[in-house]
1. May I ask you to list the residues in region 124-143 that are part of a loop (DSSP other than H, G, I, E, B) and either at pLDDT below 95 or within 14 Å of the ligand (Cβ to nearest atom) (or both)?
2. State whether the residues of region 60-82 include one that is in contact (Cβ under 8 Å) with a residue 24 or more places away in the chain and in contact with a Ser or Thr (Cβ under 8 Å, 6 or more places away or on another chain).
3. Give the residue that is farthest from the chain's Cα centre (by Cα), with candidates limited to residues of region 232-257 that are open to solvent by 10 Å² or more (accessible area, probe 1.4 Å) and either among the aromatic types (Phe, Trp, Tyr) or within 12 Å of the ligand (Cβ to nearest atom) (or both).
4. Only one of Val47, Val34, Val75 is within 16 Å of the ligand (Cβ to nearest atom), open to solvent by less than 10 Å² (accessible area, probe 1.4 Å) and part of a helix (DSSP H, G or I); which?
5. Do you know which residues across region 100-156 are exposed (fewer than 14 other Cβ atoms within 10 Å of the Cβ), in the same structural domain as Val254 (by TED's automatic domain parsing) and small (Gly, Ala, Ser)?
6. Within region 56-66, is even one residue touching a Cys at 6+ places or on another chain (Cβ under 8 Å) and within 22 Å of Leu105 (Cα to Cα)?
7. Out of curiosity, is Ala221 in contact (Cβ under 8 Å) with a residue 40 or more places away in the chain and either surrounded by 15 or more Cβ atoms within 10 Å (Cβ to Cβ) or within 11 Å of the ligand (Cβ to nearest atom) (or both)?
Amino acid sequence: MTASIIDGRSIAKEIRKQVKQRVKELQTQPGLAVVLVGVDPASKIYVKNKIKACEEVGFHSEVRRLDENATLGEVLEAVQELNHDPKVHGIIVQLPLPKQIDKNLIIDAILPYKDADGFSPINLGSMFADDNRLVPATPKGIITLIKSTNQELAGKHAVILGRSPHVGKAVATLLLQENCTVTICHSKTAQLESITKRADILVAAVGKPKMITEEMVKPGAIVIDVGINQVYDTLVGDVDFEEVKKVAGFITPVPGGVGPMTIASLLENTLICLALQRDMK
Ligand code: NDP
């Protein structure tokens, strides 16, 4: 058996096409601003890709670049300026932030209806209360990928590796809403393999190259690889793709799986932000 590849690139392309069409119909040009603090090379690439996607669909976009040594006050000031900028409907702060900046304070400062990443406590809290108006972009993309398999989700056992609020916990919440039975694993989980082996849906969001091996996967499972790991000059996921595809039913590649969906979902979220701001007028 060889798994069907879930082609995140082409699903994301279709979403971008729909967003572009929507932009043509709008009277206001949607705007997305990215706050980038420091010189992390991976962050620079992520930001470049986000801006490119904005340009492709006809969004206004801008990057606020701050020095690696920027103070908390300076980053907060940049966020406040964007909160008040009528051209900007969505704001994201590229993570990670330098050590001296408290990530939570910065995310809290973004107005909830401009929080295109869906990271603010208000938007995360709404999602936990089954109100999905602004769902974090990566989990949103993951659910779209899982649904693209057209498999019945209700009653399935979903196992999530990773419990970060913006990825693992959020994916778990969304799969619970789909009536999956959800298990969350983390670095202290005992006998991991015995748990992953029972997963109908396995989502790996850890950040450890190729940690999911063939023996850990139930035949026919849907395997979603969120991990992005730089190994020498190539990117690999948390899943040993070549081995796991021999047993899985469906699998996402890295690159070309979750990554493009994160950006597509970010564009969709910016449109939602714009609609929320319009409704408030
Ligand atoms: P975090 O570092 O915040 O979380 C990693 C999680 O993995 C933690 O909950 C940790 O557990 C858990 N973990 C660590 N070791 C193990 C282990 N041996 N077994 C099971 N769980 C383990 O990372 P993120 O959630 O932000 O991101 C996860 C991965 O996804 C990264 O590779 C990141 O680059 C990638 N990513 C990709 C995106 C995309 O668009 N494709 C977007 C966002 C992230 P504990 O809580 O106990 O420490």
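The values are calculated or read from the model by the stated rules, or taken from the named source; none is laboratory data. All figures in this text were calculated on a predicted structure; none of them were measured in a lab. FYI the Cβ positions are ideal-geometry reconstructions off the backbone, even for glycines, and counts take in every protein chain you see. For accessibility, only protein heavy atoms count, side chains too; no ligands or nucleic acids. Shrake-Rupley method; radii C 1.70, N 1.55, O 1.52, S 1.80 Å.
1. Narrowing region 124-143 to residues part of a loop (DSSP other than H, G, I, E, B): 129-136.
Once the filter is applied, which keeps residues that are part of a loop (DSSP other than H, G, I, E, B) and either at pLDDT below 95 or within 14 Å of the ligand (Cβ to nearest atom) (or both), region 124-143 yields Arg133, Val135, Pro136.
2. The first filter runs over region 60-82 and keeps only residues in contact (Cβ under 8 Å) with a residue 24 or more places away in the chain, leaving 60-72, 75-76, 78-80, 82.
In the following step, the residues that additionally are in contact with a Ser or Thr (Cβ under 8 Å, 6 or more places away or on another chain) were identified as none.
No - not one qualifying residue is present in region 60-82.
3. Tyr232
4. Numbers: Val34 fails: part of a helix (DSSP H, G or I); Val75 fails: within 16 Å of the ligand (Cβ to nearest atom).
Within the list Val47, Val34, Val75, the selection yields Val47.
5. Residues satisfying the conditions are Ala154, Gly155.
6. The answer is no; no qualifying residue exists.
7. Values: in contact (Cβ under 8 Å) with a residue 40 or more places away in the chain: no; either surrounded by 15 or more Cβ atoms within 10 Å (Cβ to Cβ) or within 11 Å of the ligand (Cβ to nearest atom) (or both): yes.
Criteria not met by Ala221.
Let's see how each residue does on (1) within 14 Å of the ligand (Cβ to nearest atom); (2) surrounded by fewer than 17 Cβ atoms within 10 Å (Cβ to Cβ):
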{"position": "Pro165", "(1), (2)": "yes, yes"}
{"position": "Leu176", "(1), (2)": "no, yes"}
{"position": "Cys180", "(1), (2)": "no, no"}
{"position": "Val206", "(1), (2)": "yes, no"}
{"position": "Met216", "(1), (2)": "yes, no"}
